[in-house]
Every structure is written in structure tokens, then in C-alpha cells.
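K.L.:
Take a look at the following structure, please.
The values are calculated or read from the model by the stated rules, or taken from the named source; none is laboratory data. Bear in mind the structure is a predicted one, so any value in this text is a computation, not a measurement. Note that we place each Cβ from the backbone using ideal geometry, even for glycine, and neighbour counts take in every protein chain shown. Surface accessibility is based on the protein's heavy atoms, side chains included, excluding ligands, DNA and RNA. Shrake-Rupley method; radii C 1.70, N 1.55, O 1.52, S 1.80 Å.
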Amino acid sequence: MKVEFLGGVRTVTGSATLLQKDSLLWLVDCGMFQGGRAIEERNRSVPSYRPRDLSFILLTHAHLDHSGLIPKLVKEGFQGKVVCTKATFDLCEIMLKDSGHIQEIEAEWQSRKNKRSGREDTAPLYTAEDAEKSLRYFQTVGYDKILSLPDGLKIRFQDAGHILGSAIIEIWVEEGGQEKKLVFSGDLGGSGQPIIRDPSPVVEADALWLESTYGDRLHKSREETVQELLKIILEAISKQAKVVIPAFAVERTQDLIYTVSQLKRKNLIPSIPVYIDSPLAISATEIFKKNPDCFDEETKDLLSGGNHPLELPEIKYTQTTEESKAINEDPRSGIIISASGMCDSGRIQHHLKHHLWRSESHIVFIGYQAEGTVGRRIVDGAKTIRLFGEEIAVRAHVHTLGGFSAHADQKGLLEWLSHFRNPNLQVFVNHGEEKVSMILSEIIHQKLQFEAAVPQWREKRFLFAPEKRVMPEEKIEAEESAEERFSSLLKDLERDYKRLRRKLKTRRSKRGDDRDAGWLKELDEVNKKLEELEERLR
Ligand SMILES: [Zn+2]
Ligand SMILES: [Zn+2]
């Protein structure tokens with residue numbers, strides 16, 4: 001079977017993998033690229049397949065970097081099924097419509113700009129109406145149930161512990177008379193996240209797509225992180241200041257509501273207003289309340305004890321723009337939780353404009369900040385930030401709290417991976433920045449001895465074929481500059497060389513000598529080619 005890596009490779013956004021078995025064509029995830037113009041251009045690039053030829057899309061979870069291009073595909077002729085869990089469907093209903101709405105506003109803004117410079121209008125990627133239409137193609141599936149699909153394909157969704165409804169997807173296919181199993185980790189949560197359950201362990205697979213968002217670092221423990229947040233809140237209260245928390249509308253916001261509610265119940269903080277200032281986050285919180293079957297035991301216990309973990313009298317949900325503006329007119333201390341999580345759009349930008357320059361204010365980042373986003377620039381220490389055409393000085397206290405992350409850290413990823421038993425497991429490390437994915441793949445080699453590759457954007461491979469190489473005639477279309485391409489080729493070469501050395505070493509120590517003459521001959525040829533190349537580069 002064939003695979004093409006369409007997104008979420010060497011970057012955290014745009015997750016999508018195209019799979020083909022005979023004439024059956026399908027996608028796992030269909031995410032949107034986010035984080036600056038260069039990468040967002042990919043959202044408009046023409047795919048290598050016709051959307052109408054796809055039989056289905058298997059969707060790991062509702063975040064837009066996994067689901068965001070579904071309405072575009074439907075608009076372009078996709079008529080198959082989008083298979084996901086019920087909570088994912090509920091969340092997609094609000095998130096895709098919201099995304100369509102944002103696309104319309106952005107296209108309108110761009111068109112106005114174009115007009116002034118005499119250029120043509122920009123069409124939105126898709127509209128809220130397109131998003132609404134795409135919902136009729138969704139089909140929900142429960143966790144742990146095996147579902148049969150055309151061509152003998154079987155799938156199962158297991159809990160990924162990342163956000164409400166998130167799933168690890170297992171796929172069984174018949175290949176050359178044998179059953180093979182593919183596993184997509186989706187985004188994996190860490191263990192001990194509040195509200196939802198921990199990721200389910202998986203033990204069998206022939207090929208695994210593993211996320212690597214935090215593959216290069218360790219999170220602080222949750223308890224430590226909660227203590228840090230408590231300290232920040234108390235300090236803000238002592239100065240009558242505000243704590244601004246950019247948070248993803250789904251999961252991070254509910255996690256914060258849960259955490260602040262716990263602090264309040266334990267009387268560790270006084271009664272101060274907690275604003276949930278994002279219409280999307282408000283709707284998402286309602287969806288959480290509608291899906292208690294996705295909750296972990298602790299949350300179920302709280303519920304049955306009459307303490308709803310997502311309800312607190314201090315919480316103020318602000319729907320309208322007027323209510324949102326009034327927040328900053330209130331002189332009291334308060335906690336403002338607002339979206340978008342990476343500060344690229346939404347009401348959070350207004351709060352940043354109000355608070356970034358105030359030395360008494362606190363800005364707390366709890367989620368991943370992708371390259372190229374406003375949030376990333378603040379975290380990286382920018383002295384000023386441009387918002388609404390104005391340069392705003394950054395004088396507020398800026399904090400990053402890793403322990404609230406919805407993603408497993410390096411230890412969590414390796415722990416989950418260590419359950420796999422197949423020594424010939426092929427791992428594709430994705431959903432991470434290039435450097436991070438490389439680091440994780442190296443550690444996977446060293447610690448678990450699995451083959452781990454970091455694919456390129458639009459790379460194509462044959463799976464389970466005797467030679468798993470990239471097909472030469474279908475090499476990646478060169479979107480990168482020659483220089484970038486050269487440096488990534490060199491890196492790949494170095495990695496392959498190291499891996500080969502290691503393999504030869506273990507082979508030699510096992511067998512005492514190298515008897516495989518074919519191998520030596522091939523290696524000799526590769527060596528000659530490299531020498532020739534070196535000669536030419538001189
Ligand atoms: Zn996610
Ligand atoms: Zn993701």
C-alpha cells in the first residue's frame with residue numbers, strides 16, 4: 001500500500017496522511033496549516049488526489065490542525081464519510097462553523113487590502129455555510145468498537161487522552177495475504193490530565209504515526225504547575241492586577257475552569273471574577289457537560305457528589321462584545337481566559353492590547369505556541385508586539401506553564417511507545433517542529449530500537465514492501481529552496497548513515513562476521529556514488 005504525508009510533518013499543524021490500498025483511497029485527519037503566511041499557503045495548494053476519489057476521512061479529534069480542511073474538501077467534491085467519535089462530532093459542529101466564519105472575515109479583510117492596490121478579491125478557503133454542509137458527511141463511532149469498512153478494512157478508535165473525544169486510530173488491512181496494522185496516535189495526552197481519561201495503551205502495530213509536539217522536553221508535574229498558577233494569581237490580587245490566559249477554546253479552557261474551581265473550593269484563592277471570554281469556549285464547555293461518558297473516574301465522582309467541576313459562581317461567561325469590553329473597565333483583579341490560544345485572532349488580542357504594556361499584569365501561556373504566531377513571539381521575549389496596527393510594549397510578567405499541556409512530554413511519549421511489542425515496528429514521527437521530531441526519532445532508535453523516520457511534506461512511500469524507499473520518480477515536489485533542500489538532504493543522510501552503522505554493528509556482534517556479500521556490494525556502490533559526488537562538489 002501507498003502513503004503520502006500531506007501535513008503535520010516537520011511542523012505541528014496541517015495533520016493529514018493519504019493512504020491508498022489498491023483503488024481505495026482515504027485520509028487520516030484533514031488539518032489546517034496555521035502559523036504565518038508561508039505555511040498557510042499550503043491550505044490552498046492543489047492536492048495530489050481528487051477529493052471525490054476519497055472513500056472516507058478518519059478523524060482523530062476536533063482541533064482545527066486535524067479537522068480544519070474538511071469543509072474545503074467537501075466543497076471540492078468529497079462525498080465519503082468522516083468517521084470520528086461523537087464528542088469529536090459535537091465539537092466539530094461548533095469549531096468548523098467558527099473557522100468558516102474566521103475564513104470569511106479574513107478574506108474580506110484581504111480583499112479590501114487587494115482593492116486598494118488594484119488586485120483581485122480573495123475568496124475564503126470556505127465559508128460558515130460550507131462548514132455547516134460538511135457536517136452531514138460525519139458518521140460517529142464509539143470507543144473500542146471495531147468497525148468494518150470497504151475492501152476488508154477494519155478500524156477501531158481508542159482514547160487518546162488529549163481532548164474530549166480524541167482518539168488513537170487503529171487500522172487493519174490485508175496486504176499480500178497478510179494482515180497488517182497501522183496505528184495513528186493522533187495527539188496524545190499526558191497521564192493525569194483532569195476531566196478526561198488517560199491515553200489507552202496499544203501493543204500491536206506494523207506501522208505507527210507518532211506525534212512529537214513535546215518530544216524534546218519534559219513537563220513540570222501538574223501539582224507544581226498548579227502551585228505556580230496559584231502564586232501568580234495571588235500576586236496579581238495583591239497588586240489589584242489581572243491575569244490574562246490565552247487558551248484554546250477546547251480542553252485547555254475547561255482544564256483551567258476545573259483547576260480554578262478546585263483552588264476556590266479549597267479556599268486557596270479569594271472570590272475574584274473568572275471571565276471566560278470566548279463564545280467558542282462557552283459552547284465547548286456546554287459540549288463537555290453533554291458528554292460525561294468521556295470523563296475520568298475522578299470527575300465522575302465530583303459530579304455524583306453534586307460538585308460540577310465546570311461550574312462555579314465566580315465564573316462569568318461573556319458572550320457579547322460589550323460584555324467583553326467591560327472586563328477591562330472593572331478595576332478589580334480578575335482572571336481572563338480567552339481564545340485563540342496562540343493569540344493570532346479573537347478576543348485575546350484585545351486583552352493583550354490592554355495588558356501587555358502594564359507591568360503589574362500577568363500573561364500566562366499554558367498551551368503550545370507554534371512558530372510564526374503572536375503567542376510564540378511573546379514567549380520568545382519580543383520587546384514589542386504589533387496589534388491592531390499599533391506597537392504595544394511588552395512589560396507584563398510573561399509566564400509559560402508546561403504542566404497544563406494537553407500533549408504528553410518526551411517521557412510520556414516514550415512510555416506509551418514502550419508498550420509496542422513488534423521489533424520491526426516502523427515509526428513515523430510527525431506533528432512536531434523539525435528539530436523536535438528529529439530529536440525524538442533519534443531517542444526512539446537509541447532507547448527502543450524501532451525504525452523511526454521523520455517524513456517530509458508530500459513525501460510518498462510504499463508500506464510493507466521489501467524496499468521501503470521513497471519512489472524516485474515521485475520525490476517530494478521541491479517547495480523548499482535549493483539551499484533548504486540541500487541541508488535537509490544532508491541531515492537525512494547523516495541520520496541514515498548513523499542508523500546503518502548501528503545496524504551493521506549489531507549484526508556483526510550477533511553473527512560474528514558479515515557474510516552478506518550482496519549487502520557489501522551495495523554499500524560499496526553507495527560509497528562510490530558519494531565519492532563521485534564529493535569529487536564534483538570540490
Ligand atoms: Zn490537538
Ligand atoms: Zn494537533
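K.L.:
For the range 318-329, indicate whether the set of residues that are touching a residue at least 12 places away in the same chain (Cβ under 8 Å), under 27 Å from the mean Cα position of the chain (by Cα) and outside any loop (DSSP other than H, G, I, E, B) is non-empty.
P.N.:
no
K.L.:
On to the next question. Return the residues of the range 67-92 that are out of contact with any helix residue (DSSP H, G or I) (no Cβ under 6 Å at 6 or more places or on another chain) and within 13 Å of ALA128 (Cα to Cα); say none if nothing qualifies.
P.N.:
Listed by number, the residues that qualify are LEU69, LYS72.
K.L.:
Another one. Which one of LEU302, LEU312, LEU280 is assigned to a loop (DSSP other than H, G, I, E, B) and among the aliphatic types (A, V, I, L, M)? Working first, answer last.
P.N.:
Details: LEU302 fails: assigned to a loop (DSSP other than H, G, I, E, B); LEU280 fails: assigned to a loop (DSSP other than H, G, I, E, B).
So the residue among LEU302, LEU312, LEU280 that is assigned to a loop (DSSP other than H, G, I, E, B) and among the aliphatic types (A, V, I, L, M) is LEU312.
K.L.:
Return the only residue of VAL470, VAL454 being of a type in the set (Val, Ile, Thr), away from ligand 2 (no atom under 16 Å from the Cβ), at pLDDT 65 or above and open to solvent by less than 70 Å² (accessible area, probe 1.4 Å). I'd like the intermediate steps shown before the answer.
P.N.:
Working: VAL470 fails: at pLDDT 65 or above.
Just a single option satisfies the conditions, and that option is VAL454.
K.L.:
How many residues are within 16 Å of ligand 2 (Cβ to nearest atom) and not in a loop (DSSP other than H, G, I, E, B) when one looks only at the range 1-54? Show your work before the answer.
P.N.:
Start the filter on the range 1-54 by keeping residues that are within 16 Å of ligand 2 (Cβ to nearest atom), which leaves 5-17, 27-35, 39-40, 42-43.
Narrowing the set further to residues that are not in a loop (DSSP other than H, G, I, E, B) leaves 5-7, 16-17, 27-28, 39-40, 42-43.
Residues in the range 1-54 being within 16 Å of ligand 2 (Cβ to nearest atom) and not in a loop (DSSP other than H, G, I, E, B): 11 in total.
K.L.:
Can you name the number of the only condition in (1) more than 16 Å from ligand 1 (Cβ to nearest atom); (2) closer than 18 Å to HIS351 by Cα; (3) out of contact with any Ser or Thr (no Cβ under 6 Å at 6 or more places or on another chain); (4) open to solvent by 10 Å² or more (accessible area, probe 1.4 Å) that GLY367 fails?
P.N.:
(1)
K.L.:
Let me ask another. For the range 128-143, what are the residues that are touching a residue at least 40 places away in the same chain (Cβ under 8 Å) and either surrounded by fewer than 18 Cβ atoms within 10 Å (Cβ to Cβ) or touching a helix residue (DSSP H, G or I) at 6+ places or on another chain (Cβ under 7 Å) (or both)?
P.N.:
If we filter the range 128-143 for residues that are touching a residue at least 40 places away in the same chain (Cβ under 8 Å), which is where we start, we get 130-131, 133-135, 137-143.
Those that are touching a residue at least 40 places away in the same chain (Cβ under 8 Å) and either surrounded by fewer than 18 Cβ atoms within 10 Å (Cβ to Cβ) or touching a helix residue (DSSP H, G or I) at 6+ places or on another chain (Cβ under 7 Å) (or both): ASP130, ALA131, LYS133, SER134, LEU135, TYR137, PHE138, GLN139, THR140, GLY142.
K.L.:
Oh, and also: Which one is farthest from the chain's Cα centre (by Cα), of the residues in the range 168-185 that are crowded, with 18+ Cβ neighbours inside 10 Å and touching a residue at least 60 places away in the same chain (Cβ under 8 Å)?
P.N.:
VAL173
K.L.:
Within 15 Å of ligand 1 (Cβ to nearest atom) and not small (Gly, Ala, Ser), is that true of VAL12?
P.N.:
Numbers: within 15 Å of ligand 1 (Cβ to nearest atom): yes; not small (Gly, Ala, Ser): yes.
So VAL12 fits the description; yes.
K.L.:
Let me ask something else about it. Tell me the residue from LEU96, LEU73, LEU91 that is in contact with a strand residue (DSSP E or B) (Cβ under 8 Å, 6 or more places away or on another chain) and at pLDDT 95 or above, please. If you could, list the steps in order and put the result at the bottom.
P.N.:
On the way: LEU96 fails: in contact with a strand residue (DSSP E or B) (Cβ under 8 Å, 6 or more places away or on another chain); LEU91 fails: in contact with a strand residue (DSSP E or B) (Cβ under 8 Å, 6 or more places away or on another chain).
Only one candidate passes the filter, namely LEU73.
K.L.:
Tell me, which residue of the range 94-117 that is among the acidic types (Asp, Glu) and open to solvent by 70 Å² or more (accessible area, probe 1.4 Å) is nearest to ligand 1 (Cβ to nearest atom)? Break it down stepwise before answering.
P.N.:
Here is the first cut: in the range 94-117, the ones among the acidic types (Asp, Glu) are 98, 104, 106, 108.
When the remaining residues are screened for being open to solvent by 70 Å² or more (accessible area, probe 1.4 Å), the result is 106, 108.
Details: GLU106: 22, GLU108: 28 Å.
Going through the qualifying residues, I end up with GLU106.
K.L.:
Name the single residue, out of those in the range 388-404 being of a type in the set (A, V, I, L, M) and modelled with pLDDT of 95 or more, that is most open to solvent (accessible area, probe 1.4 Å).
P.N.:
Taking the range 388-404 and keeping what is of a type in the set (A, V, I, L, M), we get 392-394, 396, 398, 401.
Okay, now just the ones that are also modelled with pLDDT of 95 or more, so 392-394, 396, 398.
Numbers: ILE392: 8, ALA393: 29, VAL394: 34, ALA396: 12, VAL398: 56 Å².
Here the residue is VAL398.
K.L.:
Then there's this: Only one of ALA247, ALA284 is within 16 Å of ligand 1 (Cβ to nearest atom), within 22 Å of the chain's Cα centre (by Cα) and within 16 Å of HIS399 (Cα to Cα); which? Quick ask: steps written out before the conclusion?
P.N.:
Details: ALA284 fails: within 16 Å of HIS399 (Cα to Cα).
The unique qualifying residue is ALA247.
To keep it simple, each residue is scored yes or no on (1) within 24 Å of SER418 (Cβ to Cβ); (2) in a strand (DSSP E or B); (3) touching a strand residue (DSSP E or B) at 6+ places or on another chain (Cβ under 9 Å).
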position	(1), (2), (3)
GLU129	no, no, no
TYR143	yes, no, yes
ILE169	yes, yes, yes
TRP172	yes, yes, yes
LEU188	yes, no, yes
GLU204	yes, no, yes
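K.L.:
Among the residues of the range 208-223, count how many are more than 16 Å from ligand 2 (Cβ to nearest atom) and either within 18 Å of GLN410 (Cα to Cα) or of a type in the set (A, V, I, L, M, F, W, C) (or both).
P.N.:
Filtering the range 208-223 for residues more than 16 Å from ligand 2 (Cβ to nearest atom) gives 208, 216-223.
Keeping just the survivors that are either within 18 Å of GLN410 (Cα to Cα) or of a type in the set (A, V, I, L, M, F, W, C) (or both) gives 208, 216-222.
The qualifying residues number 8.
K.L.:
Looking at this structure, is GLY165 open to solvent by less than 10 Å² (accessible area, probe 1.4 Å), in a loop (DSSP other than H, G, I, E, B) and in contact with a Ser or Thr (Cβ under 6 Å, 6 or more places away or on another chain)? I'd like the intermediate steps shown before the answer.
P.N.:
Values: open to solvent by less than 10 Å² (accessible area, probe 1.4 Å): yes; in a loop (DSSP other than H, G, I, E, B): yes; in contact with a Ser or Thr (Cβ under 6 Å, 6 or more places away or on another chain): yes.
So GLY165 fits the description; yes.
K.L.:
Checking GLY8 against (1) open to solvent by 10 Å² or more (accessible area, probe 1.4 Å); (2) at pLDDT 95 or above, which test does it fail?
P.N.:
GLY8 satisfies all of (1) open to solvent by 10 Å² or more (accessible area, probe 1.4 Å); (2) at pLDDT 95 or above except (1).
K.L.:
Something else now. Considering each of SER304, SER324, SER278, SER261 in turn, give the residue that is open to solvent by 40 Å² or more (accessible area, probe 1.4 Å) and small (Gly, Ala, Ser). So that I can check it myself, show each step before the final result.
P.N.:
Details: SER324 fails: open to solvent by 40 Å² or more (accessible area, probe 1.4 Å); SER278 fails: open to solvent by 40 Å² or more (accessible area, probe 1.4 Å); SER261 fails: open to solvent by 40 Å² or more (accessible area, probe 1.4 Å).
Among SER304, SER324, SER278, SER261, only SER304 is open to solvent by 40 Å² or more (accessible area, probe 1.4 Å) and small (Gly, Ala, Ser).
K.L.:
Among the residues that make up the range 225-243, is at least one of them within 16 Å of ligand 1 (Cβ to nearest atom), farther than 16 Å from LEU401 by Cβ and in a helix (DSSP H, G or I)?
P.N.:
Within the range 225-243, the first condition is being within 16 Å of ligand 1 (Cβ to nearest atom), and the residues that meet it are none.
Within the range 225-243 (the criterion being within 16 Å of ligand 1 (Cβ to nearest atom), farther than 16 Å from LEU401 by Cβ and in a helix (DSSP H, G or I)), the answer is no, since none of the residues qualifies.
K.L.:
Give the number of residues within the range 186-199 that are more than 17 Å from THR60 (Cβ to Cβ) and either within 18 Å of the chain's Cα centre (by Cα) or away from ligand 1 (no atom under 16 Å from the Cβ) (or both).
P.N.:
Applying the first criterion (more than 17 Å from THR60 (Cβ to Cβ)) to the range 186-199 yields 191-192, 194-195.
Next cut, either within 18 Å of the chain's Cα centre (by Cα) or away from ligand 1 (no atom under 16 Å from the Cβ) (or both) only: 191-192, 194.
Of the residues in that region, 3 qualify.
K.L.:
Restricting the range 50-79 to residues that are open to solvent by less than 10 Å² (accessible area, probe 1.4 Å) and of a type outside the set (A, V, I, L, M, F, W, C), which is nearest to THR13 (Cα to Cα)?
P.N.:
Among residues in the range 50-79 that are open to solvent by less than 10 Å² (accessible area, probe 1.4 Å) and of a type outside the set (A, V, I, L, M, F, W, C), the one nearest to THR13 (Cα to Cα) is HIS66.
K.L.:
Could you check the range 169-190 and list, in sequence order, the residues that are in contact with a Ser or Thr (Cβ under 8 Å, 6 or more places away or on another chain) and more than 13 Å from ligand 2 (Cβ to nearest atom)?
P.N.:
ILE169, GLY190
K.L.:
Still on this structure, I have one more. Mind listing just one residue for me: the one in the range 209-224 that is buried (at least 23 other Cβ atoms within 10 Å of the Cβ) and not in a loop (DSSP other than H, G, I, E, B) and, of those, nearest to the chain's Cα centre (by Cα)? Quick ask: steps written out before the conclusion?
P.N.:
Initially, the range 209-224 is screened for residues buried (at least 23 other Cβ atoms within 10 Å of the Cβ), giving 209-215.
The next check asks that each one be not in a loop (DSSP other than H, G, I, E, B); those that pass are 209-211, 214.
Numbers: TRP209: 13, LEU210: 11, GLU211: 8, TYR214: 11 Å.
Only one residue fits best here, namely GLU211.
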